[in-house]
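The next block holds one structure in the form of structure tokens; read it before the comments.
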Amino acid sequence: MLRVTDVRKVFGTAHDTYIALDNVSLDIADGEFLCLLGPSGCGKSTLLNILAGFEPPTSGSVTADGAPVTGAGRDRVMCFQDAGSALFPWLTVEENVRFGLRVRKIPKAGWDSIIDKYLRMVDLDRHRRKFPAQLSGGMRQRLQIARMLAVEPQVLLMDEPFAALDALTRRHMHAVLLEIWQRTGKTIVFVTHDIAEAISLADRIGMMSVGPRSVITKMIDVDMPRPRDLTNPRVAQLFNEIEALLAPDLARAE
Amino acid sequence: MANVRDSNSAAPAAKPGIKPGIASPFRWLRARIGAGRGQSLILSMVSLLFAGLIWHLLSTFVFNPFLIPPPLEVFYAAIPMIKSGEIFADVAISTTRVLVGFLTGSLVGIVAGVLLGRIRVLHDLFDPIIELLRYLSPTAMIPIAVIWFGIGEMSKYFLIFWGTLFIVLINTIAGVGRTPIARQRAAECLGATRLQIFVLVVIPSAVPYIVTGMRIAMASSFMSVIPAEILAADSGIGYLLQKSSMLLQTPRIFVALITICVLGFIVDRIFRFFVDRVLARYMSFVAVT
Ligand SMILES: Nc1ncnc2c1ncn2[C@@H]1O[C@H](COP(=O)(O)OP(=O)(O)O)[C@@H](O)[C@H]1O
Ligand SMILES: [Mg+2]
């Protein structure tokens, strides 16, 4: 379980400070699919980076299974928004996946079958010898997911991974991700500014207010069977509710 | 892409009645090396021929042919220089100077740049010095180099080294500093240690910048070896220029000038060939999606 307690994050120097997060508290259960939803610039990436251990909170604490998070951990792997810069462009598809296995000193004998398994899972096994530059945006993002899954972390931290994809590809990626989640039982913290995306994926949606001093304003349980179709009246109603909640914030964000 | 090119290039040869190679050189070239490249090669040749023609007209009808000798006269001046091997000896000497200075300068520039780009304290310590010294071009350093090292090989090695060092150093520092944070963090949470991130992620990410710096430095080495040889040498292409100038042998000066152009071009092509062969995988900048 991930536990965030009274986390504040202040950026800047003594004279010019920006309070990005103000007393954010959050519990994330094992195996849960949590979406963090909020307008751009509200501090979603900041919170995710703190969860990953890339940046320390200014005050407050983060624990993973009771142990304080002080740096990047083997159990939590991040999937970045811009796959183009997160991938290793000089390594082929399979070499990108192999990188994690190598640095984790996983026995060589197992590499081939692990790489095979996860490239198949994201449907990239026919493109093993291509370089990231030769892949489409959706394929790059799938590669990033395969690379992340291959080191078998318990928690996947995903920062607007599908924001740059076209609507059709994004829908496909949602299906891929949900299937992987259902099959592997990972904990997923998924950041998005897209209401429809949050609704189609999440068990729970954490709504964040616009910064400065962003907080989690509301937790919404989404207990509807997947796949969730926006034409379904219950889903549509939830969409409208969330939109109404965000409306004042969006006006301010502009 | 490849398919389109293949079908294009295969078409003329396959057509009955057209003899490849005779029907049209344009077609023939197309068939040999693909439409796009064939065309640009032909255009390059046209451009060179045209420049030669203009040169000929200018030197014959407009300017004094002693000041600007016509192409044919330059060609005749080149023949004995080629036959005696004189020009090749000069080329070999200048190229050796460039290569020694360039390779040592690049090596020191890369090693220092990688360290300065990564270690904050070192960077802050050396950056002001680099920012000042970079304005001392190799040419500005010739007088002191002669006093330090004489007019033997060492002074030329030093001058080329000096010029290369700063260009490669500054580019390497920039490349190391511009490794995307996301890439480093991705490696970190995949399990890489700090050293692994440095060696396996930061340095490969900097390769395009390093190579660009080396290419610029290579071109500038060929430029700066000439003044060095003019002022402080008794061999090499620069010395040939200087000597021919003293003897008012303008055709020989032109031979030397053309040699510099061709030599720089060839060495750059070899460098690019090497990069394409060995470093190609490191050279792709992935566009931001
Ligand atoms: N390193 C930083 N230094 C200063 N301000 C920052 C830094 N990182 C983020 N911020 C600020 O914190 C706020 C939240 O940023 P971020 O977490 O990236 O937002 P989101 O991911 O929700 O779009 C923004 O206003 C941003 O300008
Ligand atoms: Mg963000």
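All of the numbers you see were taken from the coordinates with simple rules; none came from a lab. The structure presented is a predicted model; accordingly, all values stated were derived computationally and were not measured. Cβ: placed from backbone, ideal geometry, glycine included. Neighbour counts: every protein chain shown.
Of note:
- Per-residue extension of 0.36 nm, minus the Cα-Cα distance of A:ASN232 and A:SER113, leaves a gain of 38.7 nm for this segment.
- Cβ-based charge dipole, segment B:171-272, positive-most Cα from B:ILE197, B:ILE216, B:ALA186: B:ALA186
- Charge-dipole axis of the protein assembly as shown as Lys and Arg at +1 and Asp and Glu at -1 on Cβ define it, positive-most pick from B:SER40, A:VAL235, A:ALA163: B:SER40
- By DSSP, the beta bridges lying fully in chain A are antiparallel in about 50 percent of cases.
- Per-residue packing, averaged as other Cβ atoms within 10 Å, sorts the ranges B:43-53, A:205-215 into the order A:205-215, B:43-53, beginning with the highest.
- Rounded to 5, percent antiparallel among DSSP beta bridges of the protein assembly as shown: 50
- Inter-label distance for A:ALA167 and A:PHE239, nm, one decimal - labels placed 7 Å from Cα along Cα-to-Cβ: 1.0
- Toward the positive end of the charge dipole of segment A:1-102, with +1 on the Cβ of Lys and Arg and -1 on the Cβ of Asp and Glu, the farthest Cα among A:LEU2, A:ASN23, A:PHE80 is that of A:PHE80.
- Residue-averaged beta-carbon neighbours from other chains (10 angstrom radius) around A:45-57: 1
- Test item: A:87-95 mean partner chain Cβ contacts at 10 Å: 5
- Residue with peak Gaussian network fluctuation, chain A [Cα springs, cutoff 10 Å], from A:VAL69, A:VAL176, A:VAL97: A:VAL176
- Shape of segment A:164-215, Cα gyration tensor, a/c cut at 1.5: oblate
- Relative protection proxy for B:277-283, A:60-66, A:89-95, from highest mean packing down: A:89-95, A:60-66, B:277-283 (other beta-carbon atoms within 10 angstrom).
- Of all lysines in the structure, those lying under 30 Å Cα to Cα from A:LYS108, and not within fewer than 8 positions of it along the same chain, are A:LYS117, A:LYS130, A:LYS186.
- Selected from A:LEU168, A:LEU201, A:LEU157 as most flexible by GNM, with chain A as the system and alpha-carbon contacts under 10 Å: A:LEU168
- Efficiency of FRET between B:GLU86 and B:GLN39 - r from beta-carbon atoms, R0 30 angstrom, step 0.05: 0.20
- Peptide B:175-186 - average C-beta neighbours from other chains (10 Å radius): 5
- Residue of A:ARG104, A:ARG76, A:ARG204 that the Gaussian network model of chain A assigns the largest fluctuation, springs spanning Cα pairs under 10 Å: A:ARG104
- Computed from backbone phi, the HN-Hα couplings of segment A:53-66 come to x, 6, 10, x, x, 5, 8, x, 9, 10, 10, 10, 6, x Hz, rounded to whole numbers (Karplus: 6.51 cos²θ - 1.76 cosθ + 1.60, θ = phi - 60°; Gly and Pro given as x).
- Shape of chain B, Cα gyration tensor, a/c cut at 1.5: oblate
- Residues A:ARG183 and B:LEU115, FRET efficiency given R0 of 45 Å [Cβ-Cβ distance, rounded to 0.05]: 0.45
- Here's how it looks for A:LEU36: its modeled amide H is under 5 Å from those of A:PHE190, A:VAL191, A:THR192, A:GLY206, which are all 5 or more places away or on a different chain.
- Projected label distance in nm at A:ASP221 and A:ASP125, using a 7 Å step from Cα toward the beta-carbon: 3.9
- Note on B:ILE144 and A:ILE19: with the Förster distance fixed at 51 Å, the Cβ-Cβ geometry gives a FRET efficiency of about 0.35.
- Within segment A:86-146: Cβ-based charge dipole about Cα centre, in debye rounded to nearest 20 (Lys, Arg +1; Asp, Glu -1): 120
- Cβ-based net charge around B:ILE142, under 11 Å, with every Lys or Arg adding one and every Asp or Glu removing one: 0
- Cα gyration tensor, segment A:58-174 - rounded (a/c under 1.5), prolate or oblate: oblate
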